[in-house]
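Okay, structure first, notes after.
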Amino acid sequence: MPAAGIDIGSLTAKAALMEDGRLVGGHMVSTGADSSKAGRMVMDELLELNGLRLGDLDYVVATGYGRLNVPFAHKQVTEITCHARGAHWFFPDVRTLLDVGGQDCKAIHFDGQGRVMDFVLNDKCAAGTGRFLERMARLIGLDLEEIGPRSLEPVEGPLPIDSACAVFAENDVLEQLRAGRAVNDILAGIVDALAVRLEWLIKRIGFVPEFSISGGVAKNAGIVKRLNDRLNTSARLAPDTQLVGAVGAALLAGDLAARNSAKLGFNHGGRQHV
């Protein structure tokens, strides 16, 4: 029977179904203000898409910042563990993962079994997260999806944008806009600034090939290219980079289900945390 993983992030809630080591399906919705409601919604919609009910699942593992708000989960596991396991499933040769979410960023080393060996988190500044790109898009008046492609087509070249502080970066962007500079050049500078922050985080833990990027920011072609150039590598990207954590959680759920000889049921007691 299938097992499920659910990853409640600050911007999106993701769910994945795994059975016999195979990805059955994945789905995501916006988290919104109520992470508990988002968790129920993403799981209900995924189950409906696959003709299943909650009772058909052997085990559910929740991860992400909202993992404690998933009452139907049997266990809660940190996103670091789940992203490492998910990245290893997609790419068994990868040893370094950069996960860039809406509110935080993590560089993770793991071994040949997907077990975490070391990790480092960004500081609390938004300058190294997906929120940074959201703020920049809103400031300039663009859709978030436009930043990556347009940053790869500068008119004269990237403009200097502060990489240490989101507030200072906004001031730099406003000054460049008021000076009439090309928007693509500003976007190139914004993406460069974020890439500098992300490279610094990776180098804090020590870069070990092979390399992968997960999270919504991994869908930004400008960020991926700049990190590849700066690290002299070629990042491995899952078909949907936002599902990596949910896939890892589902794999762990399958492991836990296999350790039980009888179906566990969906009681609310005895939840564990790692």
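FYI, it's all coordinate maths here, none of it is from the lab. From a predicted model like this one, the values you see are computed outputs, not experimental measurements. Neighbour counts are summed over all protein chains in view; Cβ atoms, including those assigned to glycine, are modelled from backbone coordinates with ideal geometry.
Binning all Cα-Cα separations of segment 1-92 at 5 Å, short to long from zero, yields these whole-percent fractions: 3, 15, 27, 27, 19, 8, 1, 0. For LYS75, the residues whose modelled amide H falls within less than 5 Å of its own, excluding neighbours fewer than 5 places apart on the same chain, are VAL60, ALA62. 3J(HN,Hα) couplings calculated from phi for segment 58-71 with the Karplus curve 6.51 cos²θ - 1.76 cosθ + 1.60 (θ = phi - 60°) are, in sequence order, 6, 7, 10, 10, 10, 9, x, 5, x, 5, 6, 9, 10, x Hz; Gly and Pro show x. The slack in the chain from ASP20 to MET1, taken as 0.36 nm per residue of separation less the alpha-carbon distance, amounts to 6.0 nm.
In this structure the amide hydrogen of LEU11, modeled in the peptide plane, comes within under 5 Å of the amide hydrogens of GLY102, none closer than 5 places in sequence on its chain. Compute the signed sum of charges (Lys and Arg +1, Asp and Glu -1) over the other residues within less than 15 Å, Cβ to Cβ, of GLU210. Around GLU210, the surrounding residues sum to 0. Between ASN228 and LEU49, the distance separating the two model label sites (each 7 Å from Cα on the Cα→Cβ line) works out to 2.7 nm.
Rounded to the nearest 20 Debye, what is the dipole magnitude of segment 92-237 about its Cα centre when Lys and Arg each give +1 and Asp and Glu each give -1 at the C-beta? Let's see the in-between values first.
On the way: 18 positive and 21 negative charges, 53 e Å.
Rounded to the nearest 20 debye, it is 260 debye.
For the peptides 203-211, 189-197, the ranking by packing is 189-197, 203-211, with the highest mean count of neighbouring Cβ atoms within 10 Å listed first.
Distance between the pseudo-spin-label points of LEU68 and LYS37 (7 Å out from Cα toward the beta carbon): 2.1 nm. Once the Cβ-Cβ distance of MET117 and ASN260 is raised to the sixth power relative to R0 = 25 Å, the FRET efficiency obtained is 0.35. Farthest towards the positive end of the charge dipole of the chain, among the residues VAL61, LEU201, MET41, is the Cα of VAL61, using unit charges on the Cβ of Lys, Arg, Asp and Glu. Taken one residue at a time, the phi angles of segment 190-202 give Karplus couplings (6.51, -1.76, 1.60, θ = phi - 60°) of 4, 5, 4, 4, 5, 4, 4, 5, 5, 4, 4, 5, 4 Hz. Gly and Pro are set to x. Taking the DSSP bridge list for the chain and keeping only pairs wholly inside it, about 65 percent are antiparallel.
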